[in-house]
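Just below is one structure, and these are the notes that go with it.
The values are calculated or read from the model by the stated rules, or taken from the named source; none is laboratory data. Computed from a predicted structure; not experimentally measured. Cβ sites come from the backbone with ideal geometry, for glycine too, and all protein chains shown count toward neighbours. To get the accessible areas, we keep the full protein, side chains included, count just its heavy atoms, and leave off ligands, DNA and RNA. Shrake-Rupley method; radii C 1.70, N 1.55, O 1.52, S 1.80 Å.
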Amino acid sequence: MQRLLVALLAAFDAVIAAAVGLVVLLAPLTLLWTLAFGATADWGALWPLTGTLWAFGHGVPLDVTIASEMLVALAIPPAAASFVVSVTPLAFLLFTLLFAARSGARAAKAGAWLLGSLSGTAVFAAIVVGVALSARLDAVQTSFALAIVLPSAVYLVGAVCGAVRVAWDDGDGGLLDRLHDVVDTWGDWTPVPAAIVRGAAFAVMGVTAAAAAAVALMTLLRGGEVVALFQASRVDALGATVMTIGQFAYLPTLIVWAASWIAGPGFAVGVGTAVSPAGTQLGVVPGIPILGLLPENSSIWMLIVILIPIGAGAVAGWAVRSRLVWEGTPLAMLPRAVIAVGLSLVTAGVAAVAAALAHGSMGPGRLVEIGPAPVPFALALGGEVLLGAAILLLSPRHRDELAEERTDRWNAEMAAVPTTDWATIDRAPATTPQGMTGSADDTAPLDDLGRFTTPLTDPTERRD
């Protein structure tokens, strides 16, 4: 009954995650639809638009086709009538990922992490199929297969990661416990996998926090440019509201761009452009207000910002090493080197996935290349984090670590030495040297120093 309850609760969590994501889109679109077209508007396209945008928020590219009437009315060249939009607004994907991780953690605490993760993902996938079948637009098309696979994969990854994080520490009585037992037989290598994951989490969070701070700083410094672009767009209050909501959805994507800038490779805002600490080359930039945050120029001295990911790697190395000392498991040089390499590889993998979602096309012509390139971003960030982590993990041992190791060795040696049970000796028969006899009582007691308290019968015996 408990496993059935866990499955039902996980399914309910999946329904809530999908419903909240869709409602967050549907509610403002409904309001804007009413304000723009009135109560007599055709509501037939509202749900397809909501479902299409929701799939787009989970990484599904959009194939946009502009009708010929719109081409003539807006004087758009025929070559720009069809294009792809693939730069994902990561706010929706992050919400689904975090909500799924919370659901997976709850299932793990209930003792059925695998069942909860699979049942939640199955229900979420069923909702995704329903949305993909019902949300079809003529002007904006999505791949049916990707519209099913990508949102479902996001939920599955979040649920499994959240569940494994809890079940690995608390135990699950099944697969993870058997795997944990195998890892426990590795000796000095036992804490290495957990240390890699912990260090990578510190590194990723450190770089993300620095990138978010950079976006906030540029908003303070170049907020006037953003306002000027809003004014130049000549939109009414309804249009300004739509643009603002869309830019908020892209805020996590901008943080990924900022992280790539901090790491060094930077990003592009069109074919032949580059925005990086080493220099900025911009041509004609789209009049999107949020792009007013882009720096107009850079100096070679700005490359000093690569110290930030190096510092994040150092913090990750310090956190891992401190945890190992606190747990009383200081490691030799080789396991610590593996931890440094492992956490840098995991960090690089996360960076590559984030860059792949934040890179792509946003329109025709020069806009087919926007965002950071995944491979350079991953290589640069992974190398910088590796350098910082290696400085802390591979440095000579601190005296506290050596003292901890000596204490552990002494405790182990003392545990191996057999102890004397004085209570047993007190109850044992009295023994005397060869040729001597004890008292008539064969249980002659001993004093606190282990000496006989009953005189021996041989008067020639010398006593100390």
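With θ set to phi - 60°, apply the Karplus curve 6.51 cos²θ - 1.76 cosθ + 1.60 along segment 151-166 and write out the HN-Hα couplings as whole Hz, x wherever there is a Gly or Pro.
Residue by residue, segment 151-166 yields x, 5, 5, 4, 5, 5, 4, x, 5, 5, 4, x, 6, 5, 4, 7 Hz.
Which net charge results when you count Lys and Arg as +1 and Asp and Glu as -1 among the other residues whose beta-carbon is under 15 Å from that of Ala163?
0
If packing is taken as the average count of other Cβ atoms within 10 Å, what order do 47-56, 237-246 fall into, highest mean first?
Working: 47-56: 21.4, 237-246: 13.5.
Result, highest mean Cβ count within 10 Å first: 47-56, 237-246.
Given the alpha-carbon gyration tensor of segment 321-400, what are the semi-axes of its equivalent ellipsoid in whole angstrom, ordered largest first, with each equal to the square root of 5 times an eigenvalue? Walk me through the numbers before you get to the answer.
On the way: eigenvalues 289, 21, 14 Å².
Each semi-axis is √(5λ); the values are 38, 10, 8 Å.
Rg and Dmax of segment 344-391, using alpha carbons, in Å: what are they?
13.1, 46
Can you order the peptides 85-96, 180-191, 143-154 by their average number of other Cβ atoms within 10 Å per residue, highest first?
The packing order, highest mean first, is 85-96, 143-154, 180-191.
At a 10 angstrom cut-off on C-beta neighbours, averaged per residue, how do the peptides 13-20, 351-358 rank from highest to lowest?
Highest to lowest by the protection proxy: 351-358, 13-20.
Figure the gain on full extension for Lys109 and Ala213 (residue separation times 0.36 nm, minus the Cα-Cα span) and round it to one decimal in nm.
34.0 nm
Segment 186-266: which trypsin sites (Lys or Arg not before Pro) are DSSP loop and have at most 10 other beta-carbon atoms within 10 angstrom?
Arg234
Quote the FRET efficiency, to the nearest 0.05, computed for Arg234 versus Val15 with a Förster distance R0 of 45 Å and r equal to the Cβ-Cβ distance. All intermediate terms of the calculation are to be shown ahead of the outcome.
On the way: r = 42 Å, r/R0 = 0.94.
Step by step, r from the Cβ atoms, then E = 0.60.
Can you tell me the relative contact order of segment 124-214? Whole percent, Cα pairs under 8 Å, sequence separation 6 or more. Before the final figure, lay out each step's value.
Details: 22 pairs, mean separation 16.5, N = 91.
It comes to 18 percent, rounded to a whole number.
At q = 0.13, 0.14, 0.15, 0.17 Å⁻¹, what base-10 log of I(q)/I(0) does the Debye formula yield for segment 11-155 when every alpha carbon is treated as an equal point scatterer in vacuo?
Listed by q, the Debye log ratios stand at -0.64, -0.72, -0.81, -0.97.
If you take the beta carbon distance between Ser68 and Leu175 as r and set R0 to 60 Å, what does 1/(1 + (r/R0)^6) give as a FRET efficiency, to the nearest 0.05?
Step by step, r from the Cβ atoms, then E = 0.55.
Specify, per residue and in Å³, the volume enclosed by the convex hull of the alpha carbon atoms belonging to segment 163-249.
Numbers: hull volume 11.9 nm³, N = 87.
Residue-normalised Cα hull volume stands at 137 Å³.
Need one number: nm distance between label points at Val305 and Val182, each 7 Å from Cα along Cα→Cβ, rounded to one decimal.
Result: 4.3 nm between the two label points.
Taking the Cβ of Val6 as the centre, find all other residues whose Cβ is under 15 Å away and add up their charges (Lys, Arg: +1; Asp, Glu: -1).
+1
If each of Leu35 and Thr244 carries a label point 7 Å out from its Cα toward its Cβ, how far apart are those two points in nm?
0.9 nm
Among Val385, Val84, what's the order by accessible area (1.4 angstrom probe), most exposed first? List each step's numbers first, then the result.
Numbers: Val385 0, Val84 60 Å².
In descending accessible area the options line up as Val84, Val385.
By how many nm would the segment from Leu251 to Arg102 grow when fully extended, if each residue of separation counts as 0.36 nm and the alpha-carbon distance is taken off?
Fully extending the segment from Leu251 to Arg102 adds 51.4 nm.
With θ taken as phi - 60° and the coefficients 6.51, -1.76 and 1.60, list the Karplus ³J(HN,Hα) couplings across segment 2-13 in order, rounded to whole Hz; mark glycine and proline as x.
The phi angles translate into 5, 5, 5, 5, 4, 4, 5, 5, 5, 5, 5, 4 Hz.
Residues with amide H under 5 Å of Thr280's amide H, sequence separation 5 or more or different chain, H placed in the peptide plane at 1.01 Å from N; which?
For Thr280, the qualifying residues are Ser298.
Grab the alpha carbons of segment 82-171, take their convex hull, and tell me the volume per residue in Å³.
Values: hull volume 7.8 nm³, N = 90.
It is 87 Å³ per residue.
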